Amino acid sequence: MAKGKYRTLVKLLILAPYLILLYILQATVFTRVTLMGVKPLLLPMAVAGVAMFFGRTDGGVFGLFAGMLMDLSYNQATVQFTLLLTLLGILLGMLSDTVLVQGFPSFLVSALLGLFLVSAYQALSLVVLRGAPLRLTAAIGLRQSLYSLIFTIPVYYISRFLCRVMGAGRGI
């Protein structure tokens, strides 16, 4: 019992700074570094990495906190990103536990899925709430997802490294 509590605390001490670092980068640094008028998203990719290497429970919890931070950074009173990233972490963790092989190609597909889901949500909310043209918002979401993919390699290797430090995962 004490071993499980210790392991949870160590996970928290390792994953919390990772989440905070990515949040700070996404919310401050990358808001100033735009390409084609869009800013990259790091947190959905981090959720994909944690879900892939740590499993569905840790992926869901990490997604919960990443979603809360995304809701804060977009200055929303609602919990849409909190729910979306939590479900994404659970789903990708389940896929990683059953179907996906742990490796960069699977991570790339998972990160792309997460980015497309977040971009699709952002586009649809602009269409529904503000009456923006769907074609324009879809193009912006696609550009944002593709720009964010530039950062898949560092996020993949950091997620994999953290998993190895923890000794978690399925024998990577």
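The values are calculated or read from the model by the stated rules, or taken from the named source; none is laboratory data. Note that this is a predicted model, so its numbers are computed, not measured. So basically every Cβ, Gly included, is an ideal-geometry build from the backbone, and we count neighbours across all protein chains shown.
Between MET45, MET68, which is crowded, with 23+ Cβ neighbours inside 10 Å, of a type outside the set (Phe, Trp, Tyr), modelled with pLDDT of 90 or more and in contact with a Ser or Thr (Cβ under 7 Å, 6 or more places away or on another chain)? Break it down into steps so the answer makes sense when it comes.
Working: MET68 fails: crowded, with 23+ Cβ neighbours inside 10 Å.
Only one candidate passes the filter, namely MET45.
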> Residues in region 103-114: is at least one at pLDDT 90 or above, aromatic (Phe, Trp, Tyr) and more than 16 Å from CYS163 (Cβ to Cβ)?
Replying inline: no
>> Checking the conditions here, which among VAL128, VAL118, VAL50 is among the β-branched types (Val, Ile, Thr) and in contact with a Pro (Cβ under 7 Å, 6 or more places away or on another chain)?
In response: VAL118
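Can you pull out the residues in region 108-143 that are within 22 Å of PHE62 (Cα to Cα) and not hydrophobic (A, V, I, L, M, F, W, C)?
Within region 108-143, the subset within 22 Å of PHE62 (Cα to Cα) is 108-122.
Answer for region 108-143, where residues must be within 22 Å of PHE62 (Cα to Cα) and not hydrophobic (A, V, I, L, M, F, W, C): SER110, GLY114, SER119, TYR121, GLN122.
Would you check which residues across region 96-113 are in contact (Cβ under 8 Å) with a residue 24 or more places away in the chain and either in a helix (DSSP H, G or I) or not polar (S, T, N, Q) (or both) and list them?
Taking region 96-113 first, the residues in contact (Cβ under 8 Å) with a residue 24 or more places away in the chain are 96-97, 100, 102, 104, 106-108, 110-113.
SER96, ASP97, LEU100, PHE104, SER106, PHE107, LEU108, SER110, ALA111, LEU112, LEU113, listed by residue number.
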> Is there any pair with a first residue in region 21-48 that is under 18 Å from LEU142 (Cβ atoms) and a second that is surrounded by fewer than 14 Cβ atoms within 10 Å (Cβ to Cβ) whose Cβ atoms are under 6 Å apart and which are 6 or more apart or on different chains, and what are they?
Replying inline: LYS39/THR31
> When only residues in region 26-46 that are in a loop (DSSP other than H, G, I, E, B) and in contact with a helix residue (DSSP H, G or I) (Cβ under 6 Å, 6 or more places away or on another chain) count, which is farthest from PHE62 (Cα to Cα)?
Replying inline: MET36
>> So LEU88 passes all but one of these: (1) touching a residue at least 24 places away in the same chain (Cβ under 8 Å); (2) assigned to a helix (DSSP H, G or I); (3) surrounded by fewer than 19 Cβ atoms within 10 Å (Cβ to Cβ); (4) among the aliphatic types (A, V, I, L, M). Which condition number does it fail?
In response: (3)
>> For the list (1) surrounded by 15 or more Cβ atoms within 10 Å (Cβ to Cβ); (2) within 26 Å of ILE24 (Cβ to Cβ); (3) at pLDDT below 95, I need the number of the one condition that LEU100 fails.
In response: (2)
